[in-house]
Amino acid sequence: MTVLIVLVALAVGAYLVAVLESWAVHGRLEPARPAISALALLGRESLLARTPDRLFFEAGPVVLLVAGLLAVAVIPLAPGLIVTDLATGALFLNAALAYVLVALIMAGWGPNGAYAMIGGWRFLGQFVAYAMLIVMPITAVAMRAESLSTVDIVTSQSTLWNIAYQPLGFVLFVAAAMGLCWLPPLDLPTARGDLAGGIEAEYTGARLAVLRLARMVLIMALAGATVTFYLGGWLGPWLPAWAWSAIKILFVAGLMVSVGRLVPRVREAQYLEISWKLGIPLALANIFLVGVITLVVPI
Amino acid sequence: MSALHQYAVLFGLTLGTVGFVICLYVLARAIGSTRREPGKDVPATAGSLSRDPVWVRYHAKYYGYALLFLAFDMEMAFMYPWAVVYREEGLTALLDMGVFLAILFLGLLYGWSQGALRRQE
């Protein structure tokens, strides 16, 4: 039952964020647009490129969707409203998100097209840039909560949200999360106007619909993770717990899909440089700072 | 819910997702099938087949970062259990991991000084 509620909530949330994203991209608020484009994609031909690696080509979007849904499975929406409250939830989230790279490399390799392949290899470089900045801030969160369970992580923030406790970790995590969902300005694997769609270039029809859906699920998963780790999850006054989760997750996802568009695209080499020369020293400093604060202040 | 039960739910979720995608493909197929026409299956390279093969050795110009990444990724495997017991162990844990991270960070600085953190040509 819980699974169904979470999946319906995810579908509604993904739809709303898709509306927001199309508003940010096209400048028009059209509530029916995601439904119309989904139907249009289903009605179109789904082409198979010449001499593809059929297994990788078919598996790419599916693996991406599975990875996104498994990440959503450990995000708590309210007390008791979580698919699986694993004792190793935060670690499981990382494990699920690691498959995003695998899926995109598969989608890049599969169709045997030059643009798609470049998009796939680029995402490998992007992965090397963002990966440490996903795991290191989560370590600092787990240090405070003394647990890897996402429910415990939320309850550990009852006195003070982690965004105030470790603001540095929050900034790094959100920046890395944008890289993980290849949102602008870090949309290197698709790179409109540069790679002709990149990994999306060879996908058409129903397969493209699954790929786009998977990307939306991934954005929701990362927004959910940000809320769980830094914005106190379901905690908040007056409103019921699920409403706070919904408001926070939609707000974070809305910011993620809209604000980055105002910044010019970051090249892969720049992104790697920024994350390794600035991001990782800052992430280590964040772990050290949180370590000192947790020992001195007992909240 | 026991741990085994939880993993069963996750496995079911995976299977359900695959099933959902297959249903979607069947639905799309029912609406209309793909016509075979010449030239349609050419990958997006301005309408003609790519001159060079695509599946070739790609010059990963970020390999310097990738090697350092391996060291850091191994280190993270130790960080998670450490983070959980951090408050119990107190200052000892801070010093233990501090020394470990300092050594690793020196490695990063050394790699930086040797030019690992740039686009390799």
Worksheet item: Is at least one residue of region A:10-17 of a type outside the set (Asp, Glu), within 14 Å of chain B (Cβ to nearest Cβ) and surrounded by 16 or more Cβ atoms within 10 Å (Cβ to Cβ)?
Response: yes
Discussion item. Condition (residue is without any contact (Cβ under 8 Å) to a residue 12 or more places away in the chain, assigned to a loop (DSSP other than H, G, I, E, B) and on the phi > 0 side of the Ramachandran plot) applied to region A:59-82: is it met by at least one residue?
Written reply: no
Worksheet, complete the sentence: Of the residues in region B:82-113 that are β-branched (Val, Ile, Thr) and either within 24 Å of the chain's Cα centre (by Cα) or within 18 Å of A:Val135 (Cα to Cα) (or both), the one that is surrounded by the most Cβ atoms within 10 Å (Cβ to Cβ) is B:Val84
Worksheet item: Pairs, please: C-beta under 9 Å, at least 6 apart or cross-chain, first residue within 30 Å of A:Val297 (Cα to Cα) and without any contact (Cβ under 8 Å) to a residue 12 or more places away in the chain and in region B:65-88, second outside any helix (DSSP H, G or I) and of a type in the set (S, T, N, Q)?
Response: B:Tyr80/A:Thr88; B:Val84/A:Ser147
Worksheet, complete the sentence: Counted residues in region A:123-148 being surrounded by 24 or more Cβ atoms within 10 Å (Cβ to Cβ) and not in a helix (DSSP H, G or I) come to 1
Item to complete: Report, by residue number, each residue of region A:53-75 that is in contact with a Gly (Cβ under 6 Å, 6 or more places away or on another chain) and either within 9 Å of another protein chain (Cβ to nearest Cβ) or over 26 Å from A:Met117 (Cα atoms) (or both).
Response: A:Asp53, A:Val74, A:Ile75
Worksheet item: Any residue in region A:193-216 that is of a type in the set (Val, Ile, Thr) and at pLDDT 90 or above?
Response: yes
Item to complete: Pull up region B:97-119, narrow it to residues that are in contact with a helix residue (DSSP H, G or I) (Cβ under 8 Å, 6 or more places away or on another chain) and more than 10 Å from every other protein chain (Cβ to nearest Cβ), then point me to the one that is nearest to B:Tyr65 (Cα to Cα).
Response: B:Gly115
Worksheet item: Mind checking which residues of region A:244-287 are within 17 Å of A:Val12 (Cα to Cα), aliphatic (A, V, I, L, M) and buried (at least 17 other Cβ atoms within 10 Å of the Cβ)?
Response: A:Ala246, A:Ile249, A:Leu250, A:Val252, A:Ala253, A:Val257
Worksheet entry | Qualifying positions in region A:253-295 - part of a helix (DSSP H, G or I), within 30 Å of A:Val19 (Cα to Cα) and touching a residue at least 40 places away in the same chain (Cβ under 8 Å) | A:Ala253, A:Gly254, A:Met256, A:Val257, A:Ser258, A:Gly260, A:Arg261, A:Glu268, A:Tyr271
Worksheet entry | Subset of region B:19-35 (residues that are within 27 Å of the chain's Cα centre (by Cα), aliphatic (A, V, I, L, M) and loosely packed, with under 15 Cβ neighbours inside 10 Å) | B:Ile22
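To keep it simple, each residue is scored yes or no on (1) within 14 Å of another protein chain (Cβ to nearest Cβ); (2) modelled with pLDDT under 90; (3) out of contact with any helix residue (DSSP H, G or I) (no Cβ under 8 Å at 6 or more places or on another chain).
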| position | (1), (2), (3) |
| --- | --- |
| A:Thr139 | yes, no, no |
| A:Gln166 | yes, no, no |
| A:Val171 | no, no, yes |
| A:Ala177 | no, no, no |
| A:Leu186 | no, yes, no |
| A:Thr190 | yes, yes, no |
Practice prompt. Being touching a residue at least 60 places away in the same chain (Cβ under 8 Å) and not in a helix (DSSP H, G or I) is the filter here, so list the residues in region A:222-242 that pass it.
Written response: A:Leu231, A:Gly232, A:Gly233, A:Trp234, A:Leu235, A:Pro240
Item to complete: Name every residue in region B:65-81 that is surrounded by 15 or more Cβ atoms within 10 Å (Cβ to Cβ), out of contact with any Ser or Thr (no Cβ under 8 Å at 6 or more places or on another chain) and farther than 21 Å from A:Phe123 by Cα, in order of residue number.
Response: B:Glu75
Fill in: Answer residue from region B:36-60, given it is under 30 Å from B:Glu121 (Cα atoms) and surrounded by 14 or more Cβ atoms within 10 Å (Cβ to Cβ) and is modelled with the highest pLDDT among those
B:Ala60
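The values are calculated or read from the model by the stated rules, or taken from the named source; none is laboratory data. Remember, predicted model here, so these are calculated numbers, not experimental data. Positions of Cβ are generated from backbone atoms using ideal geometry, with glycine treated the same way; all protein chains shown enter the neighbour counts.
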